[in-house]
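Below is one structure, written out as structure tokens; the observations come after it.
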2 protein chains.
Amino acid sequence: MIIDVHGHYTTAPKALETWRARQIAGIKSPAGMPKASDLRMSDDEIHESIETNQLRLMRERGIDLTIFSPRASFMAHHIGDFAVSSTWAAICNELCFRVSRLFPDHFIPAAMLPQSPGVDPATCIPELVKCVEQYGNVAINLNPDPSGGLWSSPPLYERHWYPVYEKMVEYDIPAMIHVSTSCNSCFHTTGDHYLNADTTAFMQCLTGDLFSDFPKLRFVIPHGGGAVPYHWGRFRGLADMLKKPLLRDHLLGNIFFDTCVYHQPGIDLLTRVIPVENILFASEMIGAVRGIDPETGQYFDDTKRYIEGARIEPTHRQMIYEGNARRVYPRLDAALKAKGR
Amino acid sequence: MIIDVHGHYTTAPKALETWRARQIAGIKSPAGMPKASDLRMSDDEIHESIETNQLRLMRERGIDLTIFSPRASFMAHHIGDFAVSSTWAAICNELCFRVSRLFPDHFIPAAMLPQSPGVDPATCIPELVKCVEQYGNVAINLNPDPSGGLWSSPPLYERHWYPVYEKMVEYDIPAMIHVSTSCNSCFHTTGDHYLNADTTAFMQCLTGDLFSDFPKLRFVIPHGGGAVPYHWGRFRGLADMLKKPLLRDHLLGNIFFDTCVYHQPGIDLLTRVIPVENILFASEMIGAVRGIDPETGQYFDDTKRYIEGARIEPTHRQMIYEGNARRVYPRLDAALKAKGR
């Protein structure tokens, strides 16, 4: 089986974006603030938005199952206050849940949280609980910068974040560390803001001792870990300078990288440098890069081709495709086993 | 000849740091503000600080010449106002000039600028002129984020920066795009802030059309280009999404990457992905990572070993070591030729 641990609902029916625009307008003009129940979307509409997009490509590429979360760039936690984020997160999570009900063999949900800049992350727990207990979510996306490019929250090793970590450990779910849209004109959302956040999340974990407090906490760092594998020597050297243990002891029991790296040389580096146990197959399809690479004639984001092209043993390939995901996402494994998969 | 395009004076005598501490204290207590002339440093002290550190390692490693600029993390443009930055930049640039006079065969200076957040970069021109015309500087370091991690300046493609670019083109000097210390607790200066800035600088250039306005402008993006070569497919795909030309046409006439990547797999990726014309040898020694890699028994920052270990043709190696630097830094080439080198 091939499991893609990183998919977002980027193709939701237009009504979602329209509702969100009304919500954003409603921040300044409360009389126009829409209710959640104003958003109507039929199962047929949802079905078509998936069938003709993600599922079509999954079938073409031979991907069996996607861990599916709300569109990352639309989380936009910096817009409005906690109430705005809370309503929006509930809507987006419900949609991913509906996708998972419509396509139970192909999609399993991961939750966005109703984060809001300056607000205690503990406020996210009720949504998290609902998503795990009622919607069968197997993971969360945690935004280390809900300000959207101002980086005003404390680093991930600070106690500020501990309420979320405690619940993650209780449920035995990992978090993908994933920022959202940048509202800082210096940063392009999917070009550098995402990659920078990945690198920063890793370095925050390197600097702190978070995993001493939470030995079972697990973070998935998307987009191939940002700059980290390319600069693995630098980070090993910095761990030495900072008197930390070797990275494999300090971090690799808890941190995993996905394969959203859109060319063969990048995947070759990732699989050469990072232990196979720490690599999870993913494509973030349909996402930031939707075109066809003129050098290969294939989609940039068809990352399975790069994994197939990497010089790794078949057993290792299977770990990247399936085994590691089952280990890092135990609720996914349990859900699959319950179906005899 | 082997030219290292990226060295900082990280080993200056203690008096420099002491003077800077007094200057910073003087921002709040102006009565205690030191004069530039209060800083006394003998040629012998400077000589020893170089001879026993950078020059010793250059000799051990077989590096002939270093383009030498003030310590990047000490630029700290976010501290104080323009007057503070101006005095500090003048001091630091004078020291690098003195190093180049004491070791004319081994060091040639590049200038830091007296940037200050919110201040027009045109204010940096007099220092730049002095450094080029009187001190023989062959390049500048340009900080795209003088706020130190708040990213409050406009992107590099904005007209805000044009006065500096106009002077660079007039003098035919490149800029290394290099941030300084992060005052944002989210970012570790040499761990992620540097790499993120590299990635961001590249993406800003990709987003804008700066090199249409300045076809001869040249940027060196340090630390192997941050995350860029590892994600070269992503950036090629984003250029496509943004309707930009192919990266080699859009950016590679103007952007160059150094080799400050501290392990063999990283250099192998860099030399595999980026055209050889765009790679400049560098080590940033003595810098962020000073230890010995337990996996190789060699210094992490001994990047010459990785270039030697890369599967590239000898002629390409010589371009990385020397030829490209002479092309990208014409004033360096002229200074060398004037000495018959």
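The values are calculated or read from the model by the stated rules, or taken from the named source; none is laboratory data. Keep in mind it's a predicted model, so treat the numbers as computed, not measured. Note that each Cβ is placed from the backbone with ideal geometry, even for glycine, and that neighbours are counted across all protein chains shown. Quick note on the areas: whole protein, heavy atoms, side chains included, nothing else; ligands and nucleic acids left out. Shrake-Rupley method; radii C 1.70, N 1.55, O 1.52, S 1.80 Å.
Copy-to-copy label distances for A:Pro34, where each label lies 7 Å from Cα along Cα-to-Cβ, are 6.2 nm in order of increasing length. Output the direction-averaged projected area (hull surface divided by four) of the convex hull of the alpha-carbon atoms of the range B:113-177, in nm². Average projection, Cα convex hull of the range B:113-177: 4.0 nm². Helices meeting the span-like rule in chain A (full DSSP H runs, Cα extent of at least 18 Å along the helix axis, mean Kyte-Doolittle score of 0.5 or higher): A:82-102. Over all pairs of different C-alpha atoms in the range A:49-147, the reciprocal of the mean inverse distance, the Kirkwood hydrodynamic radius, equals 13.9 Å. Our helix-only sum for chain A, with -39,500 (n - 2.57) per DSSP H run of n ≥ 4 divided by its residues, gives a mean residue ellipticity at 222 nm of -12000 deg cm²/dmol.
Compute for chains B and A the buried accessible surface, both sides summed, probe 1.4 Å, and express it in Å² to the nearest 100.
Interface between B and A: roughly 4800 Å².
For the protein assembly as shown, the per residue solvent-accessible surface stands at 35 Å², with DNA, RNA and ligands left out and a 1.4 Å probe. With a cut-off of 12 Å between beta carbons, the residues surrounding B:Val289 carry a summed charge of -2, where Lys and Arg count +1 and Asp and Glu -1. Using a probe of 1.4 Å on the protein chains alone, the accessible area found for A:His6 is around 0 Å².
Compute the label zone of A:Lys35 within the range A:86-107: residues whose backbone N is under 19 Å from the point 7 Å along Cα-to-Cβ. The answer is A:86-92, A:94-95.
By its C-alpha gyration tensor, with a ≥ b ≥ c as the square roots of the eigenvalues, how is the range B:154-244 shaped: rounded for a/c under 1.5, else prolate for a/b larger than b/c, else oblate? Judged from the Cα gyration tensor, the range B:154-244 comes out oblate (a/c at least 1.5, b/c at or above a/b).
Using the Cβ-Cβ distance between B:Asp213 and B:Arg327 with R0 set to 30 Å, the FRET efficiency works out to roughly 0.90. Mean projection of the Cα convex hull over all viewing directions, computed for chain A: 16.7 nm². When a 1.4 Å probe is rolled over the protein heavy atoms, the share of accessible surface on chain A that falls to carbon and sulfur comes to 51 percent. The Cα center of the range A:94-157 and the Cα center of the range A:1-68 differ in position by 15 Å. Inter-copy label distances at B:Lys337, using a point 7 Å along Cα-to-Cβ, come to 7.3 nm with the shortest given first. Inter-copy label distances for B:Gly118: 1.9 nm (label point placed 7 Å from Cα along Cα→Cβ; shortest first).
Beyond 38 Å, what percent of the Cα pairs of the protein assembly as shown remain? In whole percent, the share of Cα-Cα pairs in the protein assembly as shown beyond 38 Å is 35. Cα-based values for the range B:1-99, radius of gyration first and Dmax second, are 14.9, 50 Å.
Can you give me the relative contact order of the range A:1-145 as a percent, contacts being Cα pairs under 8 Å and 6 or more apart?
Taking the mean separation of contacting Cα pairs over the length of the range A:1-145, I get 24 percent.
With 24 Å as the limit, the listed pairs A:Lys35/A:Lys130; A:Lys14/A:Lys167; B:Lys216/B:Lys244 have A:Lys14/A:Lys167 beyond it between alpha carbons. Under the shape rule built on the C-alpha gyration tensor, where the axes satisfy a ≥ b ≥ c, the range B:282-341 is oblate, since a/c reaches at least 1.5 while a/b does not exceed b/c. In terms of accessible area, using a 1.4 Å probe and ignoring ligands and nucleic acids, A:Leu102, B:Leu269 rank largest first as A:Leu102, B:Leu269.
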